[in-house]
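Trainee: Questions regarding the structure given below will be posed in turn.
The values are calculated or read from the model by the stated rules, or taken from the named source; none is laboratory data. This one's a predicted model, so the numbers in the text were calculated from it and none came from an experiment. Every residue, glycine among them, receives a Cβ derived from its backbone with ideal geometry; neighbour counts consider all protein chains shown.
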Amino acid sequence: MNRNSLRARVTAFYVSMLAVALALFCFAVYGGVRAYLTNSMQRTLIHTAETIITDYVVPLDTKGQSWFQNEMSESYPAGISDPFVRVSQGGKILYESGDIREPFVEVSGLALPADSSVLNSFRRVRADTGQPLMIYTKSYAGQRGSPILVQTGANMEPLFHLLQGLVVILMMAMPVILIGAAVGGHLLMAGPLRPVVALTEKAESIGRKELGERLPIIHSGDELERLSLALNRMIDRLEEALAHNRRFSADASHELRTPLTIIHGELEALLEIPGLTTQAVEGISSALDESERMSRIVHNLMTISRLDSGGERIEMRPVELTSVLKSTLDHMSLLADEKSILVTCNAAAPVWVTGDSMRLKQVIVNLVDNAIKYTSEGGTIEVTLQAEDDKAALRIADTGIGIPAESLPFVFDRFYRADRARSRESGGTGLGLAIVKAICTAHSGVVSVESSESKGSTFRVQLPLLPLSERDAALLESSPALPRGGSNSEESAVESPIKS
């Protein structure tokens, strides 16, 4: 999962807020439970001390010490009493319940209160065995003698064990809750983001096959609906501007054809006039060459405009691209021979696509001609065609002069020439690669380039493969034309170098 995606960031924010809320909740629960248990223990100790004073200490003067001892031993027997109880007067212990059992806590050695600051208050001490104790001391002023002090105490270790268990439960539950929240939040975000995914997928496909497509309107009444409407209005404006440019290119090209044809004819007629000087012949010939070049530019512009607008008629039929590639390279072998360039063709098996064989041949011609034109004498050009997943991949790699890195994003633009890789002296018009891109787009394909200066360039064309069912039908239609007993296409589709 991409950490910077909207889904990941929203989930992270949600989990972070939940973590803060859970931390505060855990602190509140721990503090509340601790306060509740502590207060319960204190109330128990206060109630015990007040009960002893009311039931046993107050009648002490009238009923005597023996009665007091008997009653206290019955209510708070030594050795099993919890809470711990001790009654003293003037530094003399009147009754003590003894050590606390289950768990054992030795309390017999606890010192008597030394001053009045501990009266009617709680204090925490540690027994000789190390357990923490809470002691409450209450004073009763009798009719004679010094005040009687009643001490009640309880072991705090069970309380601490309970709190520790609560901390362990909270610490174990918190990560589980956060992990569950993260997974749940990630899954829940799929619903709100589903319209955005649909918009993205539709936006990726708009313009690849035909114009006029629009994004689906999300009728949610919120920002997503406004976004889809705004994007559709933006596409309307872009298509209008693009259509205007295409109409201008088509109209200009159409209007220029007639005058260029007339100029070309007039120049040819001038050359037939006898008695022209050498300078006049050279000037007319130069003008004639430029008019031919202008005618090629106009023709290419019209071709691109028709391909972009869909006005160019393209017959989409099953095409066995391997045979088209080999026949095209055979026809172009003379161009490579003139510069002693070795062209190799690696086509391991038949590759079927849907398209116009003439236009696909034009793509191969333009790319190979481009490679020959900018490869030095004695160089090499490697042409590879193979099926990759659901695509037909055509690769043309040369050892030419290469293209500067800053020029790579613009090589498929009309009339673009890199400073060193494209020159007027080479005879190009700057429209060959633009035509290749337009043809690939019309066939639902893509063309890309990788290049390094002085090391060469690699052009890649990817076209959708013909579905298997349609491929079988195309083979059945073409099989009667094959000579009986002839070699199959897989045997003939081997590496075929074009020797220089």
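Trainee: Suppose we filter segment 25-48 for residues that are in contact (Cβ under 8 Å) with a residue 60 or more places away in the chain and closer than 30 Å to residue 76 by Cα; how many remain?
Mentor: Selection size over segment 25-48: 10.
Trainee: Quick check on this structure: which one of 133, 193, 110, 199 is surrounded by 13 or more Cβ atoms within 10 Å (Cβ to Cβ), at pLDDT below 85 and part of a strand (DSSP E or B)? Walk me through how you get there before you give the answer.
Mentor: On the way: 193 fails: part of a strand (DSSP E or B); 110 fails: part of a strand (DSSP E or B); 199 fails: part of a strand (DSSP E or B).
Criteria check complete, one pass: 133.
Trainee: Same structure again: If you scan segment 136-178, which residues turn out to be charged (D, E, K, R), surrounded by 14 or more Cβ atoms within 10 Å (Cβ to Cβ) and under 27 Å from residue 56 (Cβ atoms)? Break it down into steps so the answer makes sense when it comes.
Mentor: Within segment 136-178, the first condition is being charged (D, E, K, R), and the residues that meet it are 138, 144, 157.
Next cut, surrounded by 14 or more Cβ atoms within 10 Å (Cβ to Cβ) only: 138, 157.
Answer for segment 136-178, where residues must be charged (D, E, K, R), surrounded by 14 or more Cβ atoms within 10 Å (Cβ to Cβ) and under 27 Å from residue 56 (Cβ atoms): just 138.
Trainee: Go through segment 340-378 and give me each residue that's without any contact (Cβ under 8 Å) to a residue 60 or more places away in the chain and either out of contact with any helix residue (DSSP H, G or I) (no Cβ under 9 Å at 6 or more places or on another chain) or under 21 Å from residue 455 (Cα atoms) (or both).
Mentor: Hits for segment 340-378 are 358, 368, 372, 373, 376, 377, 378.
Trainee: Counting only residues that are within 15 Å of residue 382 (Cα to Cα) and in contact with a strand residue (DSSP E or B) (Cβ under 8 Å, 6 or more places away or on another chain), how many does segment 333-358 have?
Mentor: Here the count works out to 10.
Trainee: Being of a type in the set (A, V, I, L, M, F, W, C), closer than 23 Å to residue 111 by Cβ and either modelled with pLDDT under 90 or surrounded by 14 or more Cβ atoms within 10 Å (Cβ to Cβ) (or both) is the requirement here; does residue 85 meet it?
Mentor: yes
Trainee: Out of the residues in segment 41-60 that are out of contact with any helix residue (DSSP H, G or I) (no Cβ under 9 Å at 6 or more places or on another chain) and among the polar types (S, T, N, Q), state the one that is surrounded by the most Cβ atoms within 10 Å (Cβ to Cβ). Spell out the reasoning first.
Mentor: The initial filter retains those residues of segment 41-60 that are out of contact with any helix residue (DSSP H, G or I) (no Cβ under 9 Å at 6 or more places or on another chain), namely 42-50, 53-54, 58.
Filter once more, so that each one left must be among the polar types (S, T, N, Q): 42, 44, 48, 54.
On the way: 42: 14, 44: 16, 48: 22, 54: 11.
For segment 41-60, the residue satisfying everything is 48.
Trainee: Now, a different point. Among the residues that make up segment 17-24, is at least one of them farther than 30 Å from residue 193 by Cα, without any contact (Cβ under 8 Å) to a residue 24 or more places away in the chain and exposed (fewer than 13 other Cβ atoms within 10 Å of the Cβ)?
Mentor: Yes, segment 17-24 has at least one match.
Trainee: Continuing with the same structure: Cβ-Cβ distance below 6 Å, separation of 6 or more or different chains: which pairs start in segment 148-174 with a residue that is under 18 Å from residue 42 (Cβ atoms) and in the same structural domain as residue 118 (by TED's automatic domain parsing) and end on one that is surrounded by fewer than 12 Cβ atoms within 10 Å (Cβ to Cβ) and not hydrophobic (A, V, I, L, M, F, W, C)?
Mentor: none
Trainee: Follow-up. Kindly evaluate residue 75 against the criterion of being over 23 Å from residue 165 (Cβ atoms) and either exposed (fewer than 12 other Cβ atoms within 10 Å of the Cβ) or not acidic (Asp, Glu) (or both).
Mentor: yes
Trainee: Moving to a separate point now. Among the strands (runs of 3 or more DSSP E) lying completely within segment 327-398, list those that include at least 1 residues that are out of contact with any Leu (no Cβ under 8 Å at 6 or more places or on another chain) and either crowded, with 19+ Cβ neighbours inside 10 Å or among the small types (Gly, Ala, Ser) (or both).
Mentor: Here the list reads 391-398.
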